[in-house]
Amino acid sequence: MATTAAAATDPAPTTAVAAEPSAFSREVRRRRALRRMSQLELATLAGTTQRHLSFIESGRSVPGRAMVVRLAESLGLSLRERNSLLLAAGYAPAYAESPRDGASVEPAMTALRSILTGHLPYPAVVAGTRGELVLANAAFDVLTEGAAAHLLAPPVNVLRLALHPEGMAPRVVNLASWGRHIVESLRVRATAHPDPELDALIVELSGHLPAMAPPGPDHLGFAVPLRLRCAEGELRLLTTLTSFATAVDVTLAELHLEAFLPADAATCDLLRRREEGRTGGTPPGAPAVRAG
């Protein structure tokens, strides 16, 4: 009798009642699953124990701000995603998101304009994560040649411009292979950093692509060049991407500079002639064009 009474009055163990996982807990678990990481792997990277992480994911433990930041970093989240995770945990965002014309990012934007100008006579653009055009140099006109007006009206999306039937697509000789490369790169990004708007754009762009062709002689062995017809002939271009690796501002972290390089001597000569025609034979130095 005494034993029964004691059992009835003893407090229940804390593990007897499962806490309801919060939005934060569910998001940590979802992000970990996307990256196919075990709890032990994530806990080790974040400098905590597997038990603690298990409690966080189940909602039985509320982490401090520093732990949330460490988890976000260990999951490889973008700055925007890190801010979202902090908000879900009840904390203020850690990273500013400055306007593109704000004073705090002006030195970086000035540097980008200088790079764009210095890249002449070859085309180069600065775009956001979903292809929104931010800046372009004067040689960008070789990519917009013949494009429909609605694709060039702000806000311009360089990805849509590239693959739309009324954009660059009719002039791209190897549209199937080059376009597929673009879409697959976007899919990789969308898997690592889920974004409904990017998903919708991928579906749209995929619908513009012809059937996949087997690798042809236009492959260079290490990259798929863009083979683009223009008024003066055919261009063969390679693409390089540059970003601010140590950015702590969301705006800068989401920008990338896409620079096109000639894949052969003929392309180099053709673009130089176009630049001479545009500048009247003066050295390259046309100002970068602001697009949004």
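The values are calculated or read from the model by the stated rules, or taken from the named source; none is laboratory data. Keep in mind that what you see is a predicted model, and the values were worked out from it rather than measured. Methodologically, a virtual Cβ is constructed for each residue, glycine included, from the backbone with ideal geometry; neighbour enumeration extends over all protein chains shown.
Would you say ARG229 is in contact with an Asp or Glu (Cβ under 6 Å, 6 or more places away or on another chain) and either at pLDDT below 95 or surrounded by 12 or more Cβ atoms within 10 Å (Cβ to Cβ) (or both)? Considered against the rule, which asks whether it is in contact with an Asp or Glu (Cβ under 6 Å, 6 or more places away or on another chain) and either at pLDDT below 95 or surrounded by 12 or more Cβ atoms within 10 Å (Cβ to Cβ) (or both), ARG229 comes out as no.
Under 20 Å from THR246 (Cβ atoms), free of Cβ contacts under 8 Å to residues at least 60 places away in the same chain and assigned by TED's automatic domain parsing to the domain that holds PHE260: which single residue out of ALA94, ALA72, ALA111 fits that description? Break it down stepwise before answering.
Details: ALA94 fails: assigned by TED's automatic domain parsing to the domain that holds PHE260; ALA72 fails: assigned by TED's automatic domain parsing to the domain that holds PHE260.
Just one listed residue meets the conditions, ALA111.
Restricting region 73-103 to residues that are of a type in the set (A, V, I, L, M, F, W, C) and in a helix (DSSP H, G or I), which is surrounded by the most Cβ atoms within 10 Å (Cβ to Cβ)? Checked region 73-103; the qualifying residue surrounded by the most Cβ atoms within 10 Å (Cβ to Cβ) is LEU85.
Each row is one residue, and each column tells you yes or no for (1) more than 24 Å from the chain's Cα centre (by Cα); (2) surrounded by 15 or more Cβ atoms within 10 Å (Cβ to Cβ).
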position: PRO21; (1), (2): yes, yes
position: PHE24; (1), (2): no, yes
position: ARG29; (1), (2): no, yes
position: ALA33; (1), (2): no, no
position: ARG36; (1), (2): no, no
position: THR44; (1), (2): yes, yes
position: VAL62; (1), (2): yes, yes
position: MET67; (1), (2): yes, yes
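Among residues of region 235-283 being of a type in the set (Gly, Ala, Ser) and assigned to a strand (DSSP E or B), the one that is surrounded by the most Cβ atoms within 10 Å (Cβ to Cβ) is ALA259.
When the residues of region 22-65 are filtered to those that are among the charged types (D, E, K, R) and in a loop (DSSP other than H, G, I, E, B), which remaining residue is nearest to ARG82 (Cα to Cα)?
Pass one, region 22-65, residues among the charged types (D, E, K, R): 26-27, 29-32, 35-36, 41, 51, 57, 60, 65.
Still in the running and in a loop (DSSP other than H, G, I, E, B): 35-36, 60.
Working: ARG35: 15, ARG36: 19, ARG60: 21 Å.
Within region 22-65, the match that is nearest to ARG82 (Cα to Cα) is ARG35.
Under the condition of being among the basic types (Lys, Arg) and in a helix (DSSP H, G or I), which residue from region 127-181 is farthest from PRO262 (Cα to Cα)?
At the first step, the residues of region 127-181 found to be among the basic types (Lys, Arg) are 130, 160, 171, 180.
Add one more test, that the residue is in a helix (DSSP H, G or I), and what stays is 160, 171, 180.
Working: ARG160: 22, ARG171: 17, ARG180: 21 Å.
By that ranking, first place goes to ARG160.
Scan region 135-165 residue by residue and report those that are exposed (fewer than 15 other Cβ atoms within 10 Å of the Cβ), over 21 Å from the mean Cα position of the chain (by Cα) and over 16 Å from LEU235 (Cα atoms). ALA148, ALA149, HIS150, LEU152, ALA153, PRO165, listed by residue number.
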